[in-house]
Amino acid sequence: MPELPEVETSRCGIAPYLEGHSIREVIIRERRLRWPVSAGLEQQLAGASIETVGRRAKYILINTSQGTAILHLGMSGSVFIVDSGTPAGVHDHVDIELSSGKALRFRDPRRFGSLHCSRTPLEHPLLVNLGPEPLNDAFTGQYLWQRARGRKVAIKQFIMTPQVVVGVGNIYASEALFMAGIHPKRAAGKVSLLRYERLAKTIKDVLQRAIKAGGTTLRDFYGGTGEAGYFKQELAVYGREGEACRNCKNAITAIVLGQRSTFYCKVCQR
DNA sequence: CGCGACTCCTGCCGGC
DNA sequence: TGCCGGCAGGAGTCGC
């Protein structure tokens, strides 16, 4: 479900309710997530005071005095604030009850999300090999070009690989490639440095604009404050098969690439 | 190692 | 109206 902008929107929405508060109790109703929630996680976090709510890739990091909760929203996950005691729905798997009388609720119908706890979250096996943050200065066209040497995989799959760069999911991969004028099937190793420099810029640009817009709500994404993201109306190609390209007016094409739907303009992207 | 296919799970939408 | 197939915003893992 969420890509980096949606995770960031969620993080910003929930952070004010968490930071400076303490955890009264962690309630886990369903441990069978992408990975089973480890026994004892709730005991480890009970009574902890929450210091900051950060993010690495698509992981929300809730840093506390007793360790960091590492939360991934998967495809269908969401987090939001409820009043303590609000009845839980069937897919409300985790509540982090706060001393304030509020609770952070994690809902995830498909259970592709995950919850871990670690004292050294950045060294966790799921995080330690991740690529750079796309909005950091370390993420450049030069970096992408270097990583792409000899690679034959399609560039769309390449930029969606978390070990290459994090946070670029299926929507924004199509969008960034459109903005950069690059065909999604082009071999990653056959894109010039110049075009990678343009692509790094468009990735940063589309992610930043989406964050400003509160993310993209396709079905049911709502930020931590319950508001729908309104970036959908800014999407140039994603979900627009057959509609007019905003540059050249030709019909947008849809293909499947690496089992994922992919949208592009065959006139504007080469 | 690189690459492509497969997998986890539930909900929703469009077509018949 | 109701049923069914296909598809969905992620990403680790496996086999070649």
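Out of (1) modelled with pLDDT of 95 or more; (2) surrounded by 15 or more Cβ atoms within 10 Å (Cβ to Cβ); (3) part of a loop (DSSP other than H, G, I, E, B), the odd one out for A:Arg270 is which? It fails just one condition, (2).
Residue-by-condition table, conditions (1) without any contact (Cβ under 8 Å) to a residue 12 or more places away in the chain; (2) within 16 Å of DNA strand B (Cβ to nearest atom); (3) hydrophobic (A, V, I, L, M, F, W, C):
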{"residue": "A:Glu133", "(1), (2), (3)": "no, no, no"}
{"residue": "A:Ala138", "(1), (2), (3)": "yes, no, yes"}
{"residue": "A:Gln142", "(1), (2), (3)": "no, no, no"}
{"residue": "A:Ala148", "(1), (2), (3)": "no, yes, yes"}
{"residue": "A:Ala154", "(1), (2), (3)": "no, yes, yes"}
{"residue": "A:Phe158", "(1), (2), (3)": "no, yes, yes"}
{"residue": "A:Thr161", "(1), (2), (3)": "no, yes, no"}
{"residue": "A:Val164", "(1), (2), (3)": "no, yes, yes"}
{"residue": "A:Tyr172", "(1), (2), (3)": "no, no, no"}
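A single member of A:Gly85, A:Gly54, A:Gly67 is farther than 30 Å from A:Gly131 by Cβ and without any contact (Cβ under 8 Å) to a residue 60 or more places away in the chain, and it is A:Gly85. Taking segment A:40-65 on its own, how many of its residues are surrounded by fewer than 16 Cβ atoms within 10 Å (Cβ to Cβ) and more than 24 Å from A:Gly89 (Cβ to Cβ)? Number satisfying all stated conditions: 8. Examine segment A:142-159 for a residue that is of a type in the set (Gly, Ala, Ser), out of contact with any Ser or Thr (no Cβ under 6 Å at 6 or more places or on another chain) and within 30 Å of A:Ser38 (Cα to Cα), and state whether such a residue exists. No, the conditions are met nowhere in segment A:142-159. The strands (runs of 3 or more DSSP E) falling completely within segment A:76-190 that include 1 or more residues that are β-branched (Val, Ile, Thr), surrounded by 22 or more Cβ atoms within 10 Å (Cβ to Cβ) and not assigned by TED's automatic domain parsing to the domain that holds A:Leu207 map to A:78-83, A:92-98.
Only a single criterion out of (1) more than 13 Å from DNA strand B (Cβ to nearest atom); (2) within 19 Å of the chain's Cα centre (by Cα) is not satisfied by A:Ser114, namely (1).
The values are calculated or read from the model by the stated rules, or taken from the named source; none is laboratory data. These figures come from a predicted structure and were not determined experimentally. Glycine also receives a Cβ, built like all others from the backbone with ideal geometry; neighbour counts cover every protein chain displayed.
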